[in-house]
Amino acid sequence: MIRSVVIVGGGTAGWMTASYLKEAFADRIDVTLVESAAVSRIGVGEATFSTIRHFFDYLGLDEADWLPKCAGGYKLGIRFENWDGDGGHFYHPFERLRMVDGFSLADWWLELGDRGRPMDRSVFLTTALSEAKRSPRMLDGTLFAAGLDGSLGRSTLDEQRAQFPYAYHFDADKVARYLADHATGRGVRHVIDSVEQVVQDQRGWISEVRTAEHGSLHGDLFIDCTGFRALLIDKTLGTRFESFEDVLPNNRAVALRVPRETESDMAPYTKATAMNAGWMWTIPLFRRDGNGYVYSDRFISPEDAERELRDAVAPGRDDLEANHIRMRIGRHTHSWVKNCVAIGLSSAFVEPLESTGIFFIQHAVEQLVKHFPDETFDERQTAAYNTRIGNAVDGVKEFLALHYRAARRDDTPYWKEAKVRAVPEGLAARMELAGSRLLDEETIYPHYHGFESYSWNAMSVGLGLRPRRPHPALKHIDPTRALAEFARIEAEAKAMVAALPSCHEYLASIND
Ligand SMILES: Cc1cc2nc3c(=O)[nH]c(=O)nc-3n(C[C@H](O)[C@H](O)[C@H](O)COP(=O)(O)OP(=O)(O)OC[C@H]3O[C@@H](n4cnc5c(N)ncnc54)[C@H](O)[C@@H]3O)c2cc1C
């Protein structure tokens, strides 16, 4: 029987893993987390995915309590700016497509023409809330889509039925500290010390980690949450790392935390703005924005990237300190090897364009519980876990590759190269198909990776990759019901925008 788990690393991955395992197994398992005071957390990772709601609900944490403590805000989706090179924008919201007579509204939008509105603002309701910078909650806390509210309890991603309309933005350090308090309150042992040596037995399994001041920590199962260092899975076990750089070439980022001048201007979305050699994120937290430029150093130097970022988001604020980060893009072929499971950046990282790092952590820790070993460490369970984790990461890799390949920009060497770069096997065929008909659940990447067909369609059409002709069947179907549905969305959007407070107003009310 596995009785003790040692987690090395106290970033978002370490504390999410510790909290979740303690919630799942309570006192039946001892959980120790060791983190180094000398090695800081990565300090980014502040936009999430709508499925994060399952995680907080599973822990029994109430949004009204934790969100203000983590300087949090709402995220109704991602606003992509200038991916056409002409300053235009579109949204990738957390909202499924409505169906009319067996066809999605996106199909109907292609058939009926844009009638003055692009697809995202015709077929989705939440894009209107984003445009108007509205909170998804009324001042009394009611969600605009009341039917979707209420705690999900101890449910996992496998049980996700409805698409929840929002995710969160939060301060990465504050979330780690909040979860640390929560987890230690539940009995997780917290050791602040550096692991200096990882000891293996004669079979190569990890038997203990030796710290500088607290001696040895023994465990049955070790979780590597040491970030890009990957101290256990890589430096100790030498697990093969598969780079994605041929497909996703951005290998660096520079981040800047900027106090927000006009509080009332707080947006309920992440902004992803295409730049000359990459893209820039803007993540609105309660009193500041997180900004960063993700780029390839083959096309721009770190100094020039920092300058471009400062000019865009903080002109005249050279006092603000920039955080330069090297990113290792790819995944370990196996995240679970012997009695070591890597979770977080130590396991895999694509790039932050769709805010999937924390989603990968959530998925991994849930899958770890579902594949939890006994003392035999059944290899079939380990292999099944590795397959799921690998599939999820590969699916997101493919989805992100679509963003670059389908973008209409080709005005700089970086964007020109994006048009000829390798794409993962499967994506080329999917893109070919997307030029003929909208993708559905059968034709998107086939394994669970968090994204549904609506996401693939929002991105393809938003970027300019759309079927050459509408669906032929729609010529033979009376469009009255579809037109009524478009009108209903427009009316609902108008009513919501009028009724809901601004994003800042609502958050200010729960921050009091
Ligand atoms: C530029 C960038 C932007 C990102 N944006 C997003 C985003 O918007 N949304 C999202 O979901 N994800 C994002 N991510 C990913 C996200 O940041 C990570 O998934 C998340 O922060 C988890 O990091 P981590 O805990 O694995 O690593 P880290 O935060 O690096 O933590 C590593 C921990 O290991 C400890 N450690 C290291 N060595 C030792 C040792 N020898 N002994 C003891 N402890 C040790 C450190 O002290 C630290 O506590 C982004 C990542 C990058 C690089």
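The values are calculated or read from the model by the stated rules, or taken from the named source; none is laboratory data. Only a predicted model underlies this, so the values are computations on that prediction, with no experimental measurement involved. Using ideal geometry, Cβ is built from the backbone for each residue, glycine included, and neighbour counts are taken over all protein chains shown. Surface areas here come from the heavy atoms of the whole protein model, side chains and all, with no ligands, DNA or RNA. Shrake-Rupley method; radii C 1.70, N 1.55, O 1.52, S 1.80 Å.
Quick look at the numbers
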{"read-out": "Test: residue 490 is within 22 Å of residue 163 (Cβ to Cβ), open to solvent by 40 Å² or more (accessible area, probe 1.4 Å) and in contact with an Asp or Glu (Cβ under 8 Å, 6 or more places away or on another chain)", "value": "no"}
{"read-out": "Restricting region 157-193 to residues that are buried (at least 19 other Cβ atoms within 10 Å of the Cβ) and hydroxyl-bearing (Ser, Thr, Tyr), the residue that is farthest from residue 218 (Cα to Cα)", "value": "166"}
{"read-out": "Strands (runs of 3 or more DSSP E) lying entirely in region 288-367 (those with 3 or more residues that are open to solvent by 40 Å² or more (accessible area, probe 1.4 Å) and modelled with pLDDT of 95 or more)", "value": "322-326"}
{"read-out": "Residues satisfying the stated conditions in region 21-42, i.e. assigned to a loop (DSSP other than H, G, I, E, B) and closer than 29 Å to residue 448 by Cβ", "value": "29, 41, 42"}
{"read-out": "Pair list, Cβ < 7 Å and 6+ apart or interchain, from region 394-405 residues that are in contact (Cβ under 8 Å) with a residue 12 or more places away in the chain to residues that are in a helix (DSSP H, G or I) and open to solvent by 10 Å² or more (accessible area, probe 1.4 Å)", "value": "402/431; 405/431"}
{"read-out": "Residues satisfying the stated conditions in region 382-417, i.e. of a type in the set (Ser, Thr, Tyr) and either within 20 Å of residue 158 (Cα to Cα) or within 15 Å of the chain's Cα centre (by Cα) (or both)", "value": "382, 385, 387"}
{"read-out": "Of all residues making up region 177-199, the number that are in contact with a strand residue (DSSP E or B) (Cβ under 9 Å, 6 or more places away or on another chain) and without any contact (Cβ under 8 Å) to a residue 12 or more places away in the chain", "value": "1"}
{"read-out": "Candidates 273, 282 - the one that is under 17 Å from residue 80 (Cα atoms), within 16 Å of the ligand (Cβ to nearest atom), without any contact (Cβ under 8 Å) to a residue 60 or more places away in the chain and part of a strand (DSSP E or B)", "value": "282"}
{"read-out": "From the options 12, 32, residue that is surrounded by fewer than 22 Cβ atoms within 10 Å (Cβ to Cβ), within 14 Å of the ligand (Cβ to nearest atom) and not hydrophobic (A, V, I, L, M, F, W, C)", "value": "32"}
{"read-out": "Any chance residue 146 is surrounded by fewer than 16 Cβ atoms within 10 Å (Cβ to Cβ) and among the aliphatic types (A, V, I, L, M)", "value": "yes"}
{"read-out": "Residues being over 22 Å from residue 94 (Cβ atoms) and away from the ligand (no atom under 12 Å from the Cβ) - total across region 285-300", "value": "7"}
{"read-out": "Pairs where the first residue, in region 244-267, is under 24 Å from residue 42 (Cα atoms) and the second is more than 16 Å from the ligand (Cβ to nearest atom) and in a helix (DSSP H, G or I), C-beta under 8 Å, 6+ apart", "value": "247/401; 248/401; 248/404; 249/417; 256/310"}
{"read-out": "Candidate set from region 15-28 (those that are of a type in the set (A, V, I, L, M, F, W, C) and open to solvent by less than 10 Å² (accessible area, probe 1.4 Å)); member that is farthest from the ligand (Cβ to nearest atom)", "value": "21"}
{"read-out": "Residue 386, sole failed condition from (1) within 14 Å of the ligand (Cβ to nearest atom); (2) touching a strand residue (DSSP E or B) at 6+ places or on another chain (Cβ under 8 Å); (3) of a type outside the set (Phe, Trp, Tyr)", "value": "(1)"}
{"read-out": "Any hit, region 43-53, residues being in a helix (DSSP H, G or I), under 24 Å from residue 270 (Cβ atoms) and touching a residue at least 40 places away in the same chain (Cβ under 8 Å)", "value": "yes"}
